[in-house]
Amino acid sequence: MKKASLLGALILAVTLPATTASTTSASTSCTAAIPDSRVTGDLLLAVTGPPDHATAVGVHYVGGDGTPLVTQWTGRRWDRIPVPVTPGAKLIQLQDATTAGARAWAIGAFRNDRPEAGFVVDGRWHWTHPIDPGLEEDQFLGVTVAPNGSVLAVGKHQDGANYQPLMEEFNGTGWTTMLSPAVHGSAVLKDIAVAPNGVAYAVGWTVHTGGKTQPLVERLDGTGWSVAHTTGTGLLSGVAIQPDGTPLAVGWQQTDEGDKILTVEPHGNTWKPVADATGDPGRLASIAVGEATVAVGLTFVDGIPQPLVVRYDAGWTPIDVRGELAPETGGDQLLGVTGELGAFRAVGIRDATDAFTSLSAAGTCTG
């Protein structure tokens, strides 16, 4: 697989129109920095667990086929955990991760065709066996853990020329498929979160005639999955539960002026954009709630994609990220974030022009 085609396979790595950086004053109560701990060939797509010993997942690629990547932060560097693969099944890309007690779960797909899932416990990787619902593209993209301990994974299932949501549950012994209502257009679920009351929210997008994208939100309660009503246009890529138990989802809108941040939350039975947290330049890929609510993604500075870290308080306030900037003609993007109390850790990828490398950022928020 060539370098260019690998980047194109990533969910968020598509053609990026240049935008203008936001002029909003940076947060003075939060700090963030990129440590000098990059690894060539490591593409970090998601992260989970406490920031001081987080687990990140993705794909390792240096020529030839890629291999699934699971790595843990030791305080000074990322230490890779061996992930055994069967012959002919190396190219497994892990897309998301979540923590369940002592286990760090990760999900993804083999060549975008077959959902994959497993977990780390005591420093060792264990595969599980999700159900592959078809012979075409089937992929897990988001995962979470319910209060009862079950693991919920969502993604996409190819149905003819379009996609429909894929939903499965691991009950401790095996995976089962979950009935999903049909969604108009081509539909993808990118992330999922569960509230303390057990209600789950999965978010993504639908693509309609002419390429128009609309936010997609599905809700799981005691009666099963249902599609929520949404307004506006755009894609949702991350969702988290706020301290009051309500969900908050982030993504972006594609406009003639470039990509702009989209933030939505429910108002009764309808999910609507949060006016004060929608419209700034950039994309938000992932969101984490701790003592502070922090989201990450990318924006552009002089045409070069740069890491974007923002704190939520009605609207988004940028957090200055210290450290070496991406090389010219290359770029950075942060794709996952985890938070606990006032600390957070984010991961992503750097396009170093001659090779991809891992990217991470760590920070704290006070007040």
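Can Thr270 be described as surrounded by fewer than 17 Cβ atoms within 10 Å (Cβ to Cβ) and polar (S, T, N, Q)?
So Thr270 passes the test.
Checking each residue in the stretch 245-279 for being free of Cβ contacts under 8 Å to residues at least 24 places away in the same chain, of a type in the set (Gly, Ala, Ser) and part of a strand (DSSP E or B) picks out no residue at all. Within the stretch 347-364, being surrounded by 17 or more Cβ atoms within 10 Å (Cβ to Cβ) and among the charged types (D, E, K, R) holds for Arg350, Asp351.
Mind checking which strands (runs of 3 or more DSSP E) fall wholly inside the stretch 64-172 and carry at least 3 residues that are of a type in the set (Gly, Ala, Ser)?
On the way: elements: 67-73, 78-80, 92-100, 103-110, 114-121, 124-127, 138-145, 151-159, 162-170.
Of the strands (runs of 3 or more DSSP E) lying wholly inside the stretch 64-172, those with at least 3 residues that are of a type in the set (Gly, Ala, Ser) span 103-110.
Suppose we filter the stretch 183-201 for residues that are outside any loop (DSSP other than H, G, I, E, B), more than 8 Å from Gln164 (Cα to Cα) and open to solvent by less than 20 Å² (accessible area, probe 1.4 Å); how many remain? Of the residues in the stretch 183-201, 4 are outside any loop (DSSP other than H, G, I, E, B), more than 8 Å from Gln164 (Cα to Cα) and open to solvent by less than 20 Å² (accessible area, probe 1.4 Å). The residues listed here are Gly282, Gly297, Gly290; of these, the one that is in contact with a Cys (Cβ under 9 Å, 6 or more places away or on another chain) and touching a residue at least 12 places away in the same chain (Cβ under 8 Å) is Gly290.
Taking the criterion of being open to solvent by 10 Å² or more (accessible area, probe 1.4 Å), closer than 23 Å to Asp191 by Cβ and acidic (Asp, Glu), the only residue of the stretch 324-346 that qualifies is Glu340. Looking only at residues of the stretch 122-178 that are of a type in the set (Val, Ile, Thr) and open to solvent by 50 Å² or more (accessible area, probe 1.4 Å), we find that the one that is modelled with the lowest pLDDT is Thr173. The criterion of at least 1 residues that are within 23 Å of Pro273 (Cα to Cα) is met, among strands (runs of 3 or more DSSP E) falling completely within the stretch 309-359, by 315-318, 331-340.
Number of residues in the stretch 280-289 that are open to solvent by less than 30 Å² (accessible area, probe 1.4 Å) and not hydrophobic (A, V, I, L, M, F, W, C) equals 3.
Examine the stretch 90-98 for a residue that is crowded, with 17+ Cβ neighbours inside 10 Å and hydroxyl-bearing (Ser, Thr, Tyr), and state whether such a residue exists. Taking every residue of the stretch 90-98 in turn, at least one turns out to be crowded, with 17+ Cβ neighbours inside 10 Å and hydroxyl-bearing (Ser, Thr, Tyr).
Tell me yes or no: at least one residue of the stretch 74-89 is farther than 17 Å from Gln333 by Cβ, of a type in the set (Phe, Trp, Tyr) and at pLDDT 95 or above. Give the derivation first.
So the first thing to find is which residues in the stretch 74-89 are farther than 17 Å from Gln333 by Cβ, and the list is 74-89.
The next check asks that each one be of a type in the set (Phe, Trp, Tyr); those that pass are 78.
If we keep only those that are at pLDDT 95 or above too, we end up with none.
No, because not a single residue in the stretch 74-89 is farther than 17 Å from Gln333 by Cβ, of a type in the set (Phe, Trp, Tyr) and at pLDDT 95 or above.
Residues being of a type in the set (D, E, K, R) and within 22 Å of Gln333 (Cβ to Cβ): count how many of those fall in the stretch 257-303. Total meeting the criteria: 6.
The values are calculated or read from the model by the stated rules, or taken from the named source; none is laboratory data. In this text the structure is predicted, and so the values were computed from the model without any measurement. For neighbour counting, all protein chains shown are included, and Cβ atoms are generated from backbone atoms with ideal geometry for every residue, glycine included. Surface areas here come from the heavy atoms of the whole protein model, side chains and all, with no ligands, DNA or RNA. Shrake-Rupley method; radii C 1.70, N 1.55, O 1.52, S 1.80 Å.
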